[in-house]
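Some notes on the structure that comes next.
The values are calculated or read from the model by the stated rules, or taken from the named source; none is laboratory data. Here the structure is a predicted model, which is why all the values come from computation and not from measurement. Counting neighbours? That spans all protein chains shown, and the Cβs are built from the backbone with ideal geometry, glycine included.
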Amino acid sequence: MATTTCTRFTDEYQLYEELDHQKLEREARICRLLKHHNIVRLHDSISEEGFHYLLFDLVTGGELFEDIVAREYYSEADASHCIHQIIDSVHHIHQHDIVHRDLKPENLLLASKCKNAAVKLADFGLAIEVQGDQQAWFGFAGTPGYLSPEVLRKEAYGKPVDIWACGVILYILLVGYPPFWDEDQHKLYQQIKAGAYDFPSPEWDTVTPEAKNLINQMLTINPAKRITAQEALKHPWVCQRSTVASMMHRQETVECLKKFNARRKLKPQTNSTKNSIVTSPKGNLPSPALEIIKITEQLIEAINNGDFEAYAKICDHGLTCFEPEALGNLVEGMDFHRFYFENLLSKNSKPIHTTILNPHVHLIGEEAACIAYIRLTQYVDGQGRPRSSQSEETRVWHRRDSKWQNVHFHCSGAPAAPLQ
């Protein structure tokens, strides 16, 4: 068995029903164009029995805004570093004539839990392709607090809508609350169309004039006069942050951002043209999600026991997979797995113990689900020494005749079956 890993192949899936196939193809086409260290990369797309899967980079750091509130130190310079990465990703997509249309905190992820992990722009479900600086009416799309004035007026729009959203995000990064806010959506939209924001005291008193200047250029009502991504990257507050941005810890910003995070989690944002996918972290899981965790545990138990018969009953006969043993290739069918059961797993008499960590279940209607988790395996090697290995895994499940079956599997990290 090879020890080569395929860590850059994915661990998060988005599933769409047949009627969304055209939208998915557009998203896949757009994502294939984008190769940037601050953008979650698409590696493949799979169609199977009416379901369509997009396979992206594994990103394990969670949301940027959630990471910020957990930091012991956060300054204006840190905010500059964050927005620099965001603008750099936006500049890249604009160079490829793509408009994201849904820039918001939920779509700003971190590559890993490591300190200074890269910010990753995600979710191109609302993205569109344009011709250069083309301005046209592409439909009402986005998230309320981040919509630009031209979209709300139902005027022609283009790349500048992403810069407006970046301005909103930067404002939040600096003080922990948004520039436009009202429980009444109509009043919120009136604020945005009027560009009615300010820099109230005392929280803005400690923000440098250069930071405020960049926000003003991003939140310019007239899109033709709004700063571009390329210009923003040359702004002193962005490209000279070590000498321009303040290094003072912004505790009040962190406290306000905690409240902002809690509020947006309790009150989900409404996307005008995007179908939602239910995500269930461990805790308060609905019954189907618990079923998925349980059946996943049963499948792993069959692997640990070397019980191919039990494994085959849980898996679809056309199971597809990406895993280290396949050397980055997509493998279909059970013969590939049978080899390891017959020649390794079934012959192992040493104990194996597996723990599933941080399971996240995505329910897609009533007949499909996806689970992503970290698999920690403890085993005894050929010399009798205790060992541990870790892998990030995703399994796609489909319910057939009231029984869940594993139809796709992806593993990044250590081989699924430890070498003895």
For segment 203-214, enumerate the residues that are within 17 Å of Leu233 (Cβ to Cβ) and surrounded by 15 or more Cβ atoms within 10 Å (Cβ to Cβ).
-> Glu210, Ala211, Leu214
Taking segment 79-122 and the residues there that are free of Cβ contacts under 8 Å to residues at least 24 places away in the same chain and in a loop (DSSP other than H, G, I, E, B), the one that is surrounded by the fewest Cβ atoms within 10 Å (Cβ to Cβ) would be Lys115
Do any residues in segment 286-297 that are in the same structural domain as Arg400 (by the TED database) and among the β-branched types (Val, Ile, Thr) have Cβ atoms under 7 Å from those of residues that are surrounded by 14 or more Cβ atoms within 10 Å (Cβ to Cβ) and assigned to a helix (DSSP H, G or I), where the two are at least six apart or on different chains, and which pairs are they?
-> Ile295/Ile314
Of the numbered conditions (1) touching a Lys or Arg at 6+ places or on another chain (Cβ under 9 Å); (2) crowded, with 19+ Cβ neighbours inside 10 Å, Gln217 satisfies every one except a single condition; which is it?
-> (2)
Specify the residue that is nearest to Asp123 (Cα to Cα); the eligible residues are those in segment 137-156 that are of a type in the set (A, V, I, L, M, F, W, C) and surrounded by 22 or more Cβ atoms within 10 Å (Cβ to Cβ).
-> Leu147
Only one residue in Gln131, Gln135 is modelled with pLDDT under 95, in contact with an Asp or Glu (Cβ under 7 Å, 6 or more places away or on another chain) and under 22 Å from Glu231 (Cβ atoms). Which one?
-> Gln131
Which condition number in (1) buried (at least 19 other Cβ atoms within 10 Å of the Cβ); (2) out of contact with any helix residue (DSSP H, G or I) (no Cβ under 9 Å at 6 or more places or on another chain) is the one that Glu332 fails?
-> (1)
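Residue-wise test of (1) within 29 Å of the chain's Cα centre (by Cα); (2) surrounded by 22 or more Cβ atoms within 10 Å (Cβ to Cβ).
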{"residue": "Gly158", "(1), (2)": "yes, no"}
{"residue": "Ala165", "(1), (2)": "yes, yes"}
{"residue": "Tyr171", "(1), (2)": "yes, yes"}
{"residue": "Ala194", "(1), (2)": "no, no"}
{"residue": "Ser201", "(1), (2)": "no, no"}
{"residue": "Pro223", "(1), (2)": "yes, no"}
{"residue": "Glu231", "(1), (2)": "yes, no"}
{"residue": "Lys234", "(1), (2)": "yes, no"}
{"residue": "Trp237", "(1), (2)": "yes, yes"}
Failed condition for Lys350, given (1) surrounded by 15 or more Cβ atoms within 10 Å (Cβ to Cβ); (2) modelled with pLDDT under 85; (3) assigned by the TED database to the domain that holds Ile303 = (1)
For Pro200, are the conditions met, namely being part of a loop (DSSP other than H, G, I, E, B), over 23 Å from Ile39 (Cα atoms) and either touching a residue at least 12 places away in the same chain (Cβ under 8 Å) or outside the structural domain of Leu109 (by the TED database) (or both)?
-> no
For Ile293, which of the numbered conditions (1) assigned to a helix (DSSP H, G or I); (2) modelled with pLDDT under 85 fails to hold?
-> (2)
